[in-house]
Amino acid sequence: MHYFRHKGWEIAEREATPEALFLNRRALLGAGAGAIAASGLPAFAAEDSDPSASIYPARRNESFKLDRDITPEKLNAQYNNFYEFGMDKRIFTRVDTLKTRPWEIAIDGLIEKPFKIAIDDLLKKVQLEERLYRHRCVEAWSMTVPWTGFPLKQLVDLAKPTSGAKYVRFETFLDPKMGPGQKQSWYPWPYVEGLSMAEATNDLTLMVTGAYGKPLAKQFGAPIRLHAPWKYGFKSVKSITRMSFVAEQPKNFWQSLQSSEYGFWANVNPEVAHPRWSQATEEVLGTGNRIPSTLFNGYGEQVAHLYKGMESEKIWF
Ligand SMILES: Nc1nc2c(c(=O)[nH]1)N[C@H]1C(S)=C(S)[C@@H](COP(=O)(O)O)O[C@H]1N2
Ligand SMILES: [Mo]
């Protein structure tokens, strides 16, 4: 018998989910269109034409496990927040206008030499892996996702920030033809988010380019989005077109809209209520269960040290 200590977010092997088995089978079959057809599984919009399809699925990094089942793909792909495409959860019904190729990301600000890079060139420069992550929305629901991506640190290293860089600011596309929600002029478009340099270079911070063993479906924020799993979901900005290294703390989309309700740090804390609702529990998508939420969404071992000495600041929402 093996004795080893599980971290809070790890599960025992025997609890491996059907999705995990499915992904392993995909890995054996290869990710070609034939394999997808042969498996009889629904093909989601993005994957057929996606030029990066052949690099999925990536090898799973087994150090990132979960104490919960993976949210079924179909459910997850039909329950999304993406205000560029509307204010309800049925984003998948109208996300076709998002054109993900060509797609360039501008990397600029306080770095050695600002540059632009096409998504498919970036994918050649980084090491993709799969990680199982929890996602906790500020609206008090949660899901668990097999993301594919690479640690943001790899991109920070490519960018070579200068010593003046204290934060990374992310920006989503600004194009109301592509994202008709941007015609709603009372919102502070484009969607902006930010992280401190310490957060950006923490190993947990993932740039996500795939989910469920394939390129990101459009509603998940194709072709590239962020996921910082210890923070409320709104920090995880989708469809990124620009990453700027800056000296000042960026003001994010929700903070610009309503700073009394949404802040910069937005770390999950069940004991600190949102001004309009409790954060003590969360509804686990697809289960009908409401369970207690956890400090840093269960990732305290990895990130609590980042906030030592900052207790007097508004780091919880
Ligand atoms: N550009 C952009 N990014 C975004 C959002 C958005 O509206 N626009 N919504 C955020 C919120 S509130 C959440 S909970 C997650 C939802 O991710 P999912 O749809 O993949 O579950 O995306 C985040 N990233
Ligand atoms: Mo959210």
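Pairs under 7 Å by beta carbon, first residue aliphatic (A, V, I, L, M) in the stretch 289-317, partner assigned to a strand (DSSP E or B), six or more apart or different chains? Correct list of pairs: Ile291/Thr281; Ile291/Glu282; Ile291/Val284; Ile315/Asn267. Between Ala140, Ala198, the distinction of being more than 10 Å from ligand 1 (Cβ to nearest atom), on the phi > 0 side of the Ramachandran plot and out of contact with any Gly (no Cβ under 6 Å at 6 or more places or on another chain) belongs to Ala140 only.
For Gly149, the criteria (1) within 14 Å of ligand 1 (Cβ to nearest atom); (2) within 30 Å of Lys308 (Cβ to Cβ); (3) in contact with a helix residue (DSSP H, G or I) (Cβ under 9 Å, 6 or more places away or on another chain); (4) not charged (D, E, K, R) hold in every case but one, which is (3).
Among residues of the stretch 215-231 being among the basic types (Lys, Arg) and in contact with a strand residue (DSSP E or B) (Cβ under 9 Å, 6 or more places away or on another chain), the one that is farthest from ligand 2 (Cβ to nearest atom) is Arg225.
Residues checked against (1) within 16 Å of ligand 2 (Cβ to nearest atom); (2) crowded, with 19+ Cβ neighbours inside 10 Å:
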{"residue": "Pro57", "(1), (2)": "no, yes"}
{"residue": "Glu62", "(1), (2)": "no, no"}
{"residue": "Asp69", "(1), (2)": "no, no"}
{"residue": "Glu73", "(1), (2)": "no, yes"}
{"residue": "Asn81", "(1), (2)": "yes, yes"}
{"residue": "Arg90", "(1), (2)": "yes, no"}
{"residue": "Thr97", "(1), (2)": "no, no"}
{"residue": "Arg101", "(1), (2)": "no, no"}
{"residue": "Asp108", "(1), (2)": "no, no"}
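Let's see how each residue does on (1) at pLDDT below 95; (2) among the aromatic types (Phe, Trp, Tyr):
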position	(1), (2)
Ser239	no, no
Phe245	no, yes
Pro250	no, no
Trp254	no, yes
Leu257	no, no
Asn269	no, no
His274	no, no
Thr281	no, no
Gly286	yes, no
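Look at the stretch 121-139: where a residue is over 20 Å from Glu282 (Cβ atoms) and in a strand (DSSP E or B) and a partner is away from ligand 1 (no atom under 15 Å from the Cβ) and modelled with pLDDT under 95, sitting 6+ places away or on another chain with Cβ atoms under 8 Å, you get Glu130/Leu23.
Tell me, please, whether a residue that is within 26 Å of Trp230 (Cα to Cα), within 16 Å of ligand 2 (Cβ to nearest atom) and touching a strand residue (DSSP E or B) at 6+ places or on another chain (Cβ under 8 Å) can be found in the stretch 115-122. No: the stretch 115-122 contains no residue that is within 26 Å of Trp230 (Cα to Cα), within 16 Å of ligand 2 (Cβ to nearest atom) and touching a strand residue (DSSP E or B) at 6+ places or on another chain (Cβ under 8 Å). With the requirement that a residue be more than 16 Å from ligand 2 (Cβ to nearest atom) and either closer than 23 Å to Leu75 by Cβ or not basic (Lys, Arg) (or both), what does the stretch 232-255 give you? The answer is Ile240, Thr241, Met243, Ser244, Phe245, Val246, Ala247, Glu248, Gln249, Pro250. When Gly286 is tested against (1) surrounded by 23 or more Cβ atoms within 10 Å (Cβ to Cβ); (2) under 21 Å from Arg90 (Cα atoms); (3) not aliphatic (A, V, I, L, M), just one condition goes unmet, and that condition is (1). Of all residues in the stretch 257-283, those being over 27 Å from Ala77 (Cβ atoms) and exposed (fewer than 15 other Cβ atoms within 10 Å of the Cβ) number 10. Take the conditions (1) at pLDDT below 95; (2) touching a helix residue (DSSP H, G or I) at 6+ places or on another chain (Cβ under 7 Å); Arg68 misses just one of them, which is (2). Checking each residue in the stretch 160-181 for being surrounded by 22 or more Cβ atoms within 10 Å (Cβ to Cβ) and outside any strand (DSSP E or B) picks out only Gly179. Restricting attention to the stretch 183-201 and to residues that are out of contact with any helix residue (DSSP H, G or I) (no Cβ under 6 Å at 6 or more places or on another chain) and of a type in the set (S, T, N, Q), the residue that is surrounded by the fewest Cβ atoms within 10 Å (Cβ to Cβ) turns out to be Ser185.
The values are calculated or read from the model by the stated rules, or taken from the named source; none is laboratory data. Just so you know, these numbers come straight off a predicted model, no measurement behind them. Glycine gets a Cβ as well: all are built from the backbone with ideal geometry, and neighbour counts include every protein chain shown.
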